[in-house]
Amino acid sequence: MYKSHSHPRQHRGLILSIILFVVASILAPFSYGLNWDKLRQNFRALSGNEQILNEWNTLLSGLNETTIEVKLQKVNQFFNRKLSYTEDIELWGQSDYWATPLESLSKGKADCEDYVIAKYFSLRSLNIPDAQLRLVYVKARIGGPNSSVTQAHMVLAFYPTADGEPVILDNLITDIRPASRRADLSPIFSFNGLGIFAGSASNATLGPGGTSRLSRWQDLLERAKKEGFE
């Protein structure tokens, strides 16, 4: 699914992808610095239960010295357990609203985009660079391998190497699986703080215009920064 077969026409794109991956890993900020005083102040303004904020703080603090595999597992588990799936229209009165991690935690609820956003920000704060993370828009097949029923969905992909197969963090399936074991997902496009990619393969082309081409994402990044993700 995510892993594409290489042929001569793809060599240039693969080389460019590897260069972007290495440069981004070296030059891009390695993490979102979390201003916990500011986050707590904004969380109180959202009338959230501070116990869950404290639990999130404890989680991240305890993962600083762990392996990447443990970070992925624990962050994925935390949000899948702490947030209850709720449609945007019920939660925010809008058909499609991308909530910041603080907003999702204050409600204790999220839709698929919100789960991914919360996991992405958490992993970025744990020194995992943008080049290794992508938010992926997919069509998810519902009801088994022979089902023709699909729905729009979003997952988080982690790329261990520049040309490697990603693993998928998802709220539909609790365990983290390689993309090749998620035949129920058909990727459409992916993005992160670096920009938007044509597809989700490790050698997918990074498009022009950075994140400005995805207004919801750009708006989310700006709101999160004001809340304390610096």
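The values are calculated or read from the model by the stated rules, or taken from the named source; none is laboratory data. Computed from a predicted model, the values in this text were never measured in an experiment. Cβ sites come from the backbone with ideal geometry, for glycine too, and all protein chains shown count toward neighbours.
List of remarks:
- Residue list for region 68-121, restricted to those being surrounded by fewer than 22 Cβ atoms within 10 Å (Cβ to Cβ), touching a residue at least 24 places away in the same chain (Cβ under 8 Å) and of a type in the set (S, T, Y): S84, Y85, T86, S106
- Conditions (1) under 21 Å from R182 (Cα atoms); (2) in a helix (DSSP H, G or I): number failed by L102: (1)
Listed here are the residues, each with its yes/no results for (1) touching a Ser or Thr at 6+ places or on another chain (Cβ under 6 Å); (2) part of a loop (DSSP other than H, G, I, E, B); (3) farther than 18 Å from Y85 by Cα; (4) modelled with pLDDT of 95 or more.
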| position | (1), (2), (3), (4) |
| --- | --- |
| R124 | yes, no, yes, yes |
| A131 | yes, no, yes, no |
| G144 | no, yes, yes, no |
| Q151 | no, no, no, no |
| L156 | no, no, no, yes |
| N171 | no, yes, no, yes |
| A183 | no, yes, yes, no |
| F189 | no, no, yes, no |
| I196 | no, no, yes, no |
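- Against the criterion of being surrounded by fewer than 19 Cβ atoms within 10 Å (Cβ to Cβ), out of contact with any Ser or Thr (no Cβ under 8 Å at 6 or more places or on another chain) and either at pLDDT 90 or above or closer than 19 Å to L123 by Cα (or both), E165 does not qualify.
- Total residues in region 56-70, condition over 20 Å from the mean Cα position of the chain (by Cα) and at pLDDT 95 or above: 2
- Condition check for S190: touching a helix residue (DSSP H, G or I) at 6+ places or on another chain (Cβ under 6 Å), crowded, with 19+ Cβ neighbours inside 10 Å, of a type in the set (S, T, N, Q) and closer than 22 Å to F79 by Cα: no
- One residue stands out in region 42-67 among those that are polar (S, T, N, Q) and in contact (Cβ under 8 Å) with a residue 24 or more places away in the chain: the one that is nearest to G108 (Cα to Cα), namely N49.
- If only residues of region 30-50 that are hydroxyl-bearing (S, T, Y) and surrounded by 12 or more Cβ atoms within 10 Å (Cβ to Cβ) are counted, the one that is modelled with the lowest pLDDT is S31.
Matching residues to (1) closer than 30 Å to D37 by Cα; (2) surrounded by fewer than 18 Cβ atoms within 10 Å (Cβ to Cβ); (3) out of contact with any helix residue (DSSP H, G or I) (no Cβ under 7 Å at 6 or more places or on another chain):
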{"site": "L123", "(1), (2), (3)": "yes, no, no"}
{"site": "I128", "(1), (2), (3)": "yes, no, no"}
{"site": "Y159", "(1), (2), (3)": "no, no, no"}
{"site": "S215", "(1), (2), (3)": "yes, yes, yes"}
{"site": "D219", "(1), (2), (3)": "yes, yes, yes"}
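- Pick from region 173-184, criterion in contact (Cβ under 8 Å) with a residue 60 or more places away in the chain and surrounded by 14 or more Cβ atoms within 10 Å (Cβ to Cβ), ranking: nearest to Q73 (Cα to Cα): I176
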